[in-house]
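One structure is given below, encoded as structure tokens.
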Amino acid sequence: MPGTIGWLLREGERIIACNTGLLGDKHLLIGATRVRNEALILRDTLDYVGKQVDAIVAYDDASTDRTLEILCEHPKVALIVTNRSWEADIEARRIAEGRHRGLLLQTAREHLQFDWMFCFDADERVTGDLRGFIEGTHSRECDGVRVQLFDAYMTPGDHAPYQADCELLDFRRFFGPERRDILMLWRNRLEVTFAEHHAREPGGVERVATGLYCQHYGKSFGRPLGRDLRLLHATLSVRYLRTKMARAQRSSNPHPIGLHAAVVRVG
């Protein structure tokens, strides 16, 4: 497909074709993800996203666990770009993120026909109906969607570690008050490209709406509670939680991703 940056495979990278039956079809929505050592949650991630997308393309960044094996075995995974050479430099890895996603987009365009792309991380769960959203009136006047992402947190009563192959959706009860709107969903247009400085979000998406909600679990898989994570002091936190709970109980449409806990990081 013309109009994209020409990313070249580097030494140590190769493309693996998995479910080749997906390559010849026309797809409404495909998923793209960049992973490293996500074997603990990856099967549930692929099952969850696979219910909404027609196919998945993945970049495996030198995983040392069973991540690549799990990707290869899943029926919704069409293509994998695998990298055997781990970049040790932190700044170089940050810059490489845009290149990896650009290479994924380019590979998808070369081998798949699709109208929309959904870019997700393994530790995220978008709670809305992706297909319904882009098939409905919401998408007629936009080419991209920023999804409202909230961080899940461990609390003193909810900090048991995640167990392999369990459902991650709604794994935690409380979500912090901070919110990030991330461009996760976009129409497959020639103007949409990744550059090395883009990191997670591509350039070239002009008409962008904000919708849907996402649970993010990166901070809450079961590390011990300590100085880095505490409830707000006494009365304030109790008052906040009681207010939120009362509002949710009165509302016919409570918050789509659950109650917000008054949680902060200190130290």
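Remark: region 42-56, residue by residue, has Karplus-estimated 3J(HN,Hα) of 5, 4, 5, 4, 5, 5, 5, 5, x, 6, 10, 9, 7, 7, 10 Hz, where x stands for each Gly or Pro and the curve is 6.51 cos²θ - 1.76 cosθ + 1.60 at θ = phi - 60°. Packing around the peptides 142-152, 199-209, taken as the average count of other Cβ atoms within 10 Å per residue, puts them in this order, highest first: 142-152, 199-209. Taking the centroid of alpha carbons for each part, region 144-213 and region 26-43 are 13 Å apart. Restriction of the trypsin sites (Lys or Arg not before Pro) in region 43-145 to DSSP coil positions whose beta-carbon has at most 11 other beta-carbons within 10 angstrom yields LYS51, ARG140.
Multiplying each eigenvalue of the alpha-carbon gyration tensor of region 1-75 by 5 and taking the square root yields semi-axes of 20, 19, 11 Å, largest first, rounded to whole angstroms.
Summarising the amide proton neighbourhood of PHE174: residues at separation of 5 or more, or on other chains, whose placed amide H is nearer than 5 Å comprise TYR153. The residues of region 1-103 expose, per residue, 46 Å² of accessible area to a 1.4 Å probe. Applying 1/(1 + (r/R0)^6) with r as the Cβ-Cβ distance of GLU196 and ARG14 and R0 = 22 angstrom yields a FRET efficiency of 0.60. Once label points are set 7 Å from the Cα along Cα→Cβ at both GLU135 and GLU110, what is their separation, rounded to one decimal in nm? Reported label-point gap for GLU135 and GLU110 is 3.2 nm.
Any idea what the relative contact order of region 41-166 is, in percent, if you count C-alpha pairs under 8 Å spaced at least 6 apart?
Relative contact order, region 41-166: 30 percent.
The values are calculated or read from the model by the stated rules, or taken from the named source; none is laboratory data. What you see is a predicted model, and the numbers here were worked out from it, not measured in a lab. Methodologically, a virtual Cβ is constructed for each residue, glycine included, from the backbone with ideal geometry; neighbour enumeration extends over all protein chains shown. Side chains are part of the model used for accessible areas, which takes the heavy atoms of the whole protein and leaves out ligands, DNA and RNA. Shrake-Rupley method; radii C 1.70, N 1.55, O 1.52, S 1.80 Å.
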